[in-house]
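Right, one structure below, let's go through it.
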Amino acid sequence: MQENTKEKSKGVKRLAMTALYTVLGLVAVFQIYPLVWLFFFSLKGNREIFGRSPFALPEDWLFENYARVWTDGNINQYFFNSVFITATSVILTVILASFVTFAITRMKWKMSGFVLLLFMVGYMIPIHSTLVPLFQFYKTLNLIDNPLSIILAYTAYNLPLTIMILMGFYRTMPREIEEAAIMDGCSVHRIFLQIALPMSMPVLSTTVIINMIYNWNEFVFVNTFISSDKYKTLTVGIQNFIGQYLTDWGAIGATLMISIIPILIAFFFLSNRIVEGMAAGSVKG
Amino acid sequence: MSNKKIIALYVLPSLLLLAGLVYIPIFLTGYYGLMEWNGVGAMEFIGLDNYMNLLQDPKFWFSARNSFFLALFSTLSLILYLAVSLILAGKIKGKELLRKIYLIPMLLSSVAIAQLWIKIYDPNNGMLNSLLQTLGVDSPPAWLAQRETVLVAIFIAIIWQYAGFYIIIYSAALKGIPASLVEAAEIDGATPIQIAYKIKVPLISGVIKTTIVLAIVGSLKYFDLIYVMTGGGPNGASEVIASYMYNQAFGIKNFGYGSAIGFALLILALITTWGIQKLTASKNDSIQF
């Protein structure tokens with residue numbers, strides 16, 4: 001009798017586990033299949049797209065779609081603009097944020113709490129509440145249609161999150177090391193540059209990758225402040241491109257793939273850091 | 001160099017950027033809202049007219065209604081994400097990999113996501129309607145072109161985008177629950193569902209609160225995906241506050257009115273954040289474990 005109920009509960013458990021794995025599997029398919037589908041149609045020609053089932057595998061794998069949009073569609077230009085603007089903003093942001101975090105967590109001063117609050121509240125402010133004055137401000141400074149406007153905006157708007165993530169690390173850094181350094185007559189600059197900064201490398205790399213993703217994907221600032229093709233980044237560039245090639249699905253798919261491949265590569269190698277950074281913004285904040 | 005100078009050197013550059021590009025602009029937005037201004041010519045002071053018009057503008061209220069729905073749906077979908085996270089917190093093989101797979105859409109730009117979903121929803125060659133036709137639905141809707149379906153269609157894309165993000169947040173919080181608590185409940189004969197509902201969920205209520213703020217304030221700010229997917233259309237049916245602001249200011253160059261909408265958005269975001277903090281704080285106090 002007891003044997004029987006044990007068997008039964010085992011069976012129920014197995015059934016429940018199967019159901020759970022099915023749910024998780026379905027969610028995974030929902031999350032990943034649209035991208036697989038995108039990859040497939042990026043390799044198709046219009047004949048296949050309009051003539052055959054959307055679920056069919058590509059017949060001839062037209063990698064020339066990629067080559068075609070890379071040069072003809074100006075995508076190479078947008079791509080390198082994205083790389084330049086992303087890289088510059090990321091470097092500027094993590095350096096400035098490291099300075100601020102160091103000063104707030106490792107030095108004693110009256111206003112430090114208030115300054116931290118300013119940065120934290122900055123995280124909640126909708127950019128649409130600042131866009132018109134920013135536009136006007138850049139126009140006055142003659143920075144409209146200048147990549148500097150974008151780099152400055154990315155830096156200012158990503159400082160709060162970057163500081164938030166760095167803060168978690170700096171708070172736990174042991175004070176003994178600094179104290180020893182002060183005993184040895186190290187200046188504050190040397191403590192920051194030669195001790196704190198190198199020690200924070202792991203968390204710094206988290207902030208770098210998170211900033212990279214956000215900047216790479218940003219749309220509104222570029223769409224508002226940049227008007228000429230030679231400065232546009234990929235997000236705005238592909239918008240333009242698609243506007244011109246509305247019915248060329250293969251070209252559109254290839255363009256979208258080009259814009260997301262760098263992110264997917266970064267994710268493949270750095271997924272743990274990305275997961276950590278994404279979670280940090282809300283859990284610690 | 002004195003410490004004071006060093007602190008100034010370390011903090012001031014960032015503080016200036018923050019003040020100049022974030023804080024001063026939000027006050028200027030409120031101020032520009034008092035102006036009649038096309039962005040090029042001179043500003044004309046018109047007092048509170050823009051703000052008064054805003055309160056009587058049916059298009060604004062309609063976009064606010066859509067933003068509200070978005071916030072409501074986003075908050076409700078947190079339950080789904082939490083459920084998946086709770087399943088993943090159990091003894092599941094490959095859970096790390098699954099979490100990472102779920103997160104992938106969150107890493108893509110809203111522009112790419114919008115363009116991809118435009119193709120998925122394409123009435124003739126899209127994935128969704130082909131699937132529906134295979135399943136026997138005769139004339140599936142043109143999802144993004146119809147007033148009745150456009151919001152749902154956009155919202156499904158938003159779930160696709162954000163699911164992984166919230167699952168990662170909940171998973172990180174659930175990992176912080178001491179195993180001893182769960183084991184003790186198991187010994188007492190609690191079922192997995194009881195453990196999830198009565199132990200795990202209350203223990204991460206702080207994080208759940210944070211995600212509610214993120215979901216609601218995030219919905220108020222939501223822009224890129226809708227702007228690219230529908231531009232607020234068809235005929236204003238999917239307009240949200242942010243897209244209405246953008247279309248007024250940078251679309252038809254009504255910068256004074258656009259500023260007033262932007263300022264209203266700010267007030268709304270701040271009040272909501274504050275309100276949720278208040279509401280959930282009193283709730284937490286009354287539940288004791």
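Below are the figures for this structure:
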read-out: Complete set of residues in region B:118-164 that are part of a helix (DSSP H, G or I) and in contact with a Lys or Arg (Cβ under 9 Å, 6 or more places away or on another chain); value: B:127, B:164
read-out: Members of region B:246-264 found to be out of contact with any Leu (no Cβ under 9 Å at 6 or more places or on another chain) and small (Gly, Ala, Ser), listed by number; value: B:251
read-out: Filter result for the condition that a residue is farther than 25 Å from residue B:33 by Cα and in contact (Cβ under 8 Å) with a residue 60 or more places away in the chain, over B:215, B:260, B:184, B:179; value: B:215
read-out: Residue within region B:154-163 that is away from chain A (no Cβ under 14 Å), closer than 24 Å to residue A:245 by Cβ and surrounded by fewer than 17 Cβ atoms within 10 Å (Cβ to Cβ) present; value: no
read-out: Total residues in region B:229-262, condition touching a Phe, Trp or Tyr at 6+ places or on another chain (Cβ under 8 Å) and crowded, with 22+ Cβ neighbours inside 10 Å; value: 17
read-out: Of residues in region A:130-156 being facing chain B (nearest Cβ under 7 Å) and under 22 Å from the mean Cα position of the chain (by Cα), the one farthest from residue A:233 (Cα to Cα); value: A:130
read-out: Helices (runs of 4 or more DSSP H) contained in region A:100-186 and holding at least 2 residues crowded, with 24+ Cβ neighbours inside 10 Å; value: A:131-140, A:147-170
read-out: Residue among A:267, A:225 that is within 12 Å of chain B (Cβ to nearest Cβ), of a type in the set (A, V, I, L, M, F, W, C) and crowded, with 22+ Cβ neighbours inside 10 Å; value: A:225
read-out: Single residue of region A:116-127 satisfying the filter (facing another protein chain (nearest Cβ under 8 Å) and in contact (Cβ under 8 Å) with a residue 12 or more places away in the chain) that is farthest from residue B:264 (Cα to Cα); value: A:119
read-out: Candidate set from region B:171-195 (those that are assigned to a helix (DSSP H, G or I) and at the interface with another protein chain (Cβ under 9 Å from one of its Cβ atoms)); member that is farthest from residue A:26 (Cα to Cα); value: B:173
read-out: Qualifying residue in region B:182-205 (condition: buried (at least 20 other Cβ atoms within 10 Å of the Cβ), modelled with pLDDT of 90 or more and closer than 28 Å to residue B:271 by Cα); value: yes
read-out: Set B:131, B:103, B:151: member being surrounded by 19 or more Cβ atoms within 10 Å (Cβ to Cβ) and closer than 21 Å to residue A:30 by Cβ; value: B:103
read-out: Qualifying residue in region A:62-76 (condition: at pLDDT below 90 and of a type in the set (S, T, N, Q)); value: yes
read-out: Tally, over region A:21-63, of residues that are loosely packed, with under 15 Cβ neighbours inside 10 Å and within 9 Å of another protein chain (Cβ to nearest Cβ); value: 7
read-out: Check on residue A:113, in contact with a helix residue (DSSP H, G or I) (Cβ under 6 Å, 6 or more places away or on another chain), more than 10 Å from every other protein chain (Cβ to nearest Cβ) and at pLDDT below 95; value: no
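The values are calculated or read from the model by the stated rules, or taken from the named source; none is laboratory data. From a predicted model like this one, the values you see are computed outputs, not experimental measurements. Neighbour counts are summed over all protein chains in view; Cβ atoms, including those assigned to glycine, are modelled from backbone coordinates with ideal geometry.
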